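First up is the structure itself, then whatever we jot down about it.
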Amino acid sequence: MIGDLWRDRTRALIVVLAIAIGLTGVLAVLSTYAILSRELNRGYLATNPASAVLQIDAIDDELLAAVSARTDIAAADARRLVWGRVRVGQTEWKRLVLFVIRDFHRLEIGLITPEAGEWPPADGAMLIERDAFQVVRAGIGDTVTVEISGGRERTLRISGRVHDPGQAQARMEDFVYGYITPATLNLLDERDEDGSLDEPAASGKAAARDRLYVIAAGDRFDAVHVRRVAADLKRWLESRGHIVRRMDVPAPGQHPHAILMGALLLAMAAFGLLVLILSGVIVVNLLLAIMVAERRQIGVMKAIGGSRGQIARIYLGEAGLLGAAAMILATPAGMIGGDALARYFAVLLNFDLANLAVPVWVYLLVVVVGFLVPLAAAAYPVAAGTDLTVRDALADAGVDVGRFGSRRLDRVLCGIGTPGRPLLLGLRNCLRRRARTALTLGTLSVAGASFNTTLSLRASMMATLDRLFGAGTYGEASRYSLDQHMLMIYVFLLVVAGVLAAVGGLGLMTATSLSVRERRRELGVLRAIGATPGAVAVIVVIEALFIASISWTVALLAAWPFTATVGRIVAGALFRGRFEATLSWAAIAAWLGMVLVLSAIASAAPAMTAARRSVQEAVGYE
Amino acid sequence: MIDLRAASKRYRTPAGEFPALTDVDLHVARGELVAITGKSGSGKSTLLNLISGIDRATTGEVTVNGVRIQTSSERTLARWRGATVGVIFQFFQLLPTLTVVENVMLPMDFLRQRPVSRRRPHALALLERVGLGDQAHKLPAALSGGQQQRVAIARALANDPPILTADEPTGNLDSETAGAVLELFRSLAAGGTTILIATHERDIARVASRTVALVDGRLAKGAAA
């Protein structure tokens with residue numbers, strides 16, 4: 001058993017690598033999911049998030065006290081939120097969201113944590129959310145120019161850094177989140193000369209608080225209960241003459257981006273499984289080739305009394321060994337990958353990870369999958385390979401002429417006769433093991449379609465945004481922000497394309513290598529009738545390039561419907577506008593180059609093996 | 001034409017060194033049809049391999065058509081073989097994905113001496129010569145064993161080589177088809193082609209101009225060298 005794998009060690013190594021890639025992906029994604037689903041909500045709950053936020057005309061201390069006194073409200077707080085802009089560099093402006101907080105020492109809901117500098121900020125100074133420093137491109141102690149709606153440009157000193165886990169990543173939104181006192185807001189807006197903070201905004205007092213944050217009493221994680229409390233509060237406020245402009249009731253206890261993250265992780269897990277299945281395809285190829293090579297041995301074992309089940313167990317054991325070897329490689333890689341991915345998501349979602357421990361169930365699941373995939377993949381080749389009569393198993397007559405030509409596609413290809421025989425050999429050989437070719441072709445096609453779709457999707461989104469915001473307005477904030485929101489999806493799809501291309505390349509390498517092995521005698525015949533080692537190598541490479549070219553064509557044909565479909569879904573969700581689907585011809589051309597280079601690399605080693613083998617060894621007369 | 005002097009071939013095996021041929025001296029003149037006979041494992045195929053440049057002697061000298069085989073590179077030997085030696089195998093070894101005529105054109109494609117436009121007509125003429133002109137566009141799988149062997153002979157003749165080597169060429173044919181193939185060899189030899197046939201069948205020895213017998217890798221005593 002180990003001897004068989006050792007004899008096929010290069011191919012076995014490729015198979016182990018392919019399974020390991022898939023297992024690494026699954027382990028990384030599962031551990032990220034386990035870490036984030038635990039940490040994200042725990043970290044978010046630690047900020048004591050509001051059950052509901054009501055945007056009303058004005059909130060004074062008396063109203064706040066009355067709300068807090070309600071039996072269905074556990075806690076209440078009020079803030080003002082002011083939109084403005086902040087100058088970055090000499091001419092560029094970024095959107096500014098200022099949270100006006102009356103008492104930084106008595107925050108009860110939506111806690112923010114000081115990280116550096118002043119706490120609370122002095123009048124005339126502003127604290128900045130930690131991720132927003134990269135947007136504003138300034139540091140603590142620097143002075144920036146800000147302007148709030150309708151006001152004049154004023155300067156504010158950045159006096160400290162805070163972490164606000166309730167806000168989305170500032171870079172993604174392209175916002176700057178600032179935290180100031182009511183007095184600072186009055187400084188920014190000269191129209192409020194008396195400094196009064198608690199007057200209604202309608203009377204021209206800009207600093208009045210307008211957002212009411214409440215935590216429901218009772219089960220605050222019961223969505224129905226929370227919505228009922230919020231609705232009661234809204235009616236109560238309206239009955240007292242207040243205008244409730246908006247009421248937000250987020251999913252209780254859940255980070256605002258938890259659903260998005262869950263969907264993304266689900267997609268990644270599905271992708272990891274896809275890679276595993278594709279690696280299973282390579283296992284199928286390897287085992288099919290081993291079973292063909294072992295026909296005589298199987299015949300001998302049967303002739304001396306071995307049962308089909310006994311023989312099958314030998315080869316299934318080989319598949320199990322491949323899975324075990326892959327797990328040894330995948331476990332540390334997956335742990336490192338999961339750690340990195342969890343940290344990346346944490347930065348993206350703007351929260352800190354307190355504990356990176358991966359639960360045991362993740363490892364157990366990976367062990368089960370790691371054994372199941374190669375065993376399932378080996379089932380068919382082993383079943384087919386052991387279902388031979390002793391007579392069939394022991395028969396061998398060199399080059400197998402019996403397979404090709406019986407199907408219509410074979411005969412169609414036989415009609416193409418002009419390019420020269422060496423080229424034809426490469427083209428037609430692809431059809432001899434059509435299931436193997438189809439699987440390799442499928443993997444490379446999916447990789448190409450993913451790559452083309454991703455870049456075409458971005459080109460299409462840009463065209464759509466140009467239409468929405470006006471052409472040539474790349475710097476326009478909304479367009480940039482939308483593009484940044486999409487970035488995570490683009491990167492994910494490109495990573496998918498990259499990993500699929502890697503697995504496809506490994507599959508192509510295995511398929512080509514197996515093809516060379518199976519045609520050892522045939523390639524020897526070519527040498528015997530005058531083919532130089534180089535000519536034989538070229539035939540092998542042509543075969544791989546042909547598969548790559550077909551996969552590129554399939555990827556090209558798939559790019560348009562994929563781009564249009566995904567684009568319409570995304571555009572519908574983001575801005576409900578018409579989606580301008582367009583293909584990225586640069587991506588399509590780039591993929592052609594990449595897939596050809598990949599196939600040339602994948603076939604280089606088998607081609608060199610074919611070229612190096614002596615004619616005598618290949619033909620093997622005696 | 002073919003000159004072997006004290007040619008020996010030893011293979012390394014896990015059980016130690018195995019002598020396939022030992023001190024073989026052989027001279028074959030142009031137009032001879034030589035039958036190399038011997039039991040299975042006697043070294044017949046190894047001798048053919050040394051002559052066709054498929055393998056190299058461990059010691060001794062092998063000179064074929066003026067070329068010293070052991071000093072030539074693989075690439076040089078490939079081109080030399082394409083032009084000088086036509087190789088015929090026991091199991092025909094036609095390329096299953098190429099049609100009959102394409103199989104015959106393949107050596108011409110490798111050697112590239114004949115203009116592209118003249119390769120197909122030449123291949124068709126060779127197929128006519130072996131009696132398979134009407135089968136030119138079929139795949140090998142559609143032919144009988146005897147027909148496949150005749151295609152293999154046509155392929156071996158594609159570049160008009162002065163030498164043909166054939167390893168058990170009638171081993172998988174019925175007696176009638178085998179007779180037709182041998183007749184073809186005899187007519188080729190009469191036309192000046194040097195032919196070496198490894199065989200353990202007496203029929204071939206009867207049509208040969210000379211028989212060389214091998215016993216345990218050595219020329220049998222009394223064998224004409």
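The values are calculated or read from the model by the stated rules, or taken from the named source; none is laboratory data. Owing to the predicted nature of the structure, the values given are computational and were not obtained by experimental measurement. Here the Cβ is made from the backbone with ideal geometry for all residues, glycine too, and neighbour counts use every protein chain on show.
Quick notes
- Residues that are facing chain A (nearest Cβ under 9 Å) and either touching a strand residue (DSSP E or B) at 6+ places or on another chain (Cβ under 9 Å) or closer than 25 Å to B:Thr199 by Cα (or both) do not occur anywhere in the range B:121-132.
- Some residue of the range B:50-58 being closer than 21 Å to A:Gly534 by Cα, in contact with a strand residue (DSSP E or B) (Cβ under 7 Å, 6 or more places away or on another chain) and in a helix (DSSP H, G or I): yes
- Flag if A:Gly25 is modelled with pLDDT of 80 or more and not in a helix (DSSP H, G or I): no
Residue by residue, here is whether (1) surrounded by fewer than 19 Cβ atoms within 10 Å (Cβ to Cβ); (2) out of contact with any Pro (no Cβ under 9 Å at 6 or more places or on another chain) holds:
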site	(1), (2)
A:Leu98	no, yes
A:Ile101	no, no
A:Phe104	yes, no
A:Glu115	yes, yes
A:Val135	no, yes
A:Gly139	yes, yes
A:Asp142	yes, yes
A:Thr145	yes, yes
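- The conditions of being at pLDDT 80 or above, assigned to a loop (DSSP other than H, G, I, E, B) and within 30 Å of A:Ala168 (Cα to Cα) are not met by A:Leu341.
- Residue in the range B:90-105 that is farthest from B:Thr165 (Cα to Cα), counting only those that are in a loop (DSSP other than H, G, I, E, B) and more than 7 Å from chain A (Cβ to nearest Cβ): B:Phe92
- Within the range B:63-77, the set of residues being within 29 Å of B:Ser40 (Cβ to Cβ) and either hydrophobic (A, V, I, L, M, F, W, C) or facing chain A (nearest Cβ under 9 Å) (or both) comprises B:Val64, B:Ile69, B:Glu74, B:Leu77.
- Hey, A:Thr565 away from chain B (no Cβ under 14 Å) and touching a residue at least 24 places away in the same chain (Cβ under 8 Å) or not: no
So that you can scan it fast, the table gives a plain yes or no per residue for (1) within 16 Å of A:Leu423 (Cβ to Cβ); (2) touching a residue at least 12 places away in the same chain (Cβ under 8 Å); (3) in contact with a Cys (Cβ under 7 Å, 6 or more places away or on another chain); (4) in a helix (DSSP H, G or I):
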{"position": "A:Leu526", "(1), (2), (3), (4)": "yes, yes, no, yes"}
{"position": "A:Ala537", "(1), (2), (3), (4)": "yes, yes, no, yes"}
{"position": "A:Glu543", "(1), (2), (3), (4)": "yes, yes, yes, yes"}
{"position": "A:Phe546", "(1), (2), (3), (4)": "yes, yes, yes, yes"}
{"position": "A:Ile550", "(1), (2), (3), (4)": "yes, yes, no, yes"}
{"position": "A:Leu556", "(1), (2), (3), (4)": "no, yes, no, yes"}
{"position": "A:Ala559", "(1), (2), (3), (4)": "no, yes, no, yes"}
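- Options A:Val82, A:Val29: the member that is over 34 Å from the mean Cα position of the chain (by Cα) and aliphatic (A, V, I, L, M): A:Val82
- Hits in the range A:590-616 (condition: more than 9 Å from chain B (Cβ to nearest Cβ) and at pLDDT below 75): A:Arg613
- Members of the range A:496-536 that are away from every other protein chain (no Cβ under 11 Å), among the hydrophobic types (A, V, I, L, M, F, W, C) and either under 24 Å from A:Ser450 (Cα atoms) or out of contact with any Ser or Thr (no Cβ under 9 Å at 6 or more places or on another chain) (or both): A:Val496, A:Ala497, A:Val499, A:Leu500, A:Ala501, A:Ala502, A:Val503, A:Leu506, A:Leu508, A:Met509, A:Ala511, A:Leu514
- Yes/no for A:Arg95 being among the charged types (D, E, K, R) and modelled with pLDDT under 90: yes
- Considering residues of the range B:133-146 that are in contact (Cβ under 8 Å) with a residue 24 or more places away in the chain and away from every other protein chain (no Cβ under 12 Å) only, the residue farthest from A:Val525 (Cα to Cα): B:Gln135
- Of the residues examined, A:Arg161 is one that is in contact (Cβ under 8 Å) with a residue 40 or more places away in the chain and of a type outside the set (Ser, Thr, Tyr).
- The one condition from (1) facing another protein chain (nearest Cβ under 7 Å); (2) in contact with a Gly (Cβ under 6 Å, 6 or more places away or on another chain) that B:Arg155 does not meet is (2).
- Residue list for the range A:291-317, restricted to those being assigned to a helix (DSSP H, G or I) and not hydrophobic (A, V, I, L, M, F, W, C): A:Arg295, A:Arg296, A:Gln297, A:Gly299, A:Lys302, A:Arg308, A:Gly309, A:Gln310, A:Arg313, A:Tyr315, A:Gly317
- Residues located in the range B:106-117, provided they are surrounded by fewer than 24 Cβ atoms within 10 Å (Cβ to Cβ) and within 7 Å of another protein chain (Cβ to nearest Cβ): B:Asp109, B:Leu111
- Candidates in the range B:15-44 are the residues that are surrounded by 13 or more Cβ atoms within 10 Å (Cβ to Cβ) and on the phi > 0 side of the Ramachandran plot; of these, the one that is nearest to the other protein chains (Cβ to nearest Cβ) is B:Gly41.
- Among the residues examined, B:Gln149 qualifies as in contact with a Leu (Cβ under 8 Å, 6 or more places away or on another chain), more than 11 Å from every other protein chain (Cβ to nearest Cβ) and at pLDDT below 90.
- Put simply, of B:Leu182, B:Leu127 the only residue that is among the hydrophobic types (A, V, I, L, M, F, W, C), part of a helix (DSSP H, G or I) and in contact with a Gly (Cβ under 6 Å, 6 or more places away or on another chain) is B:Leu127.
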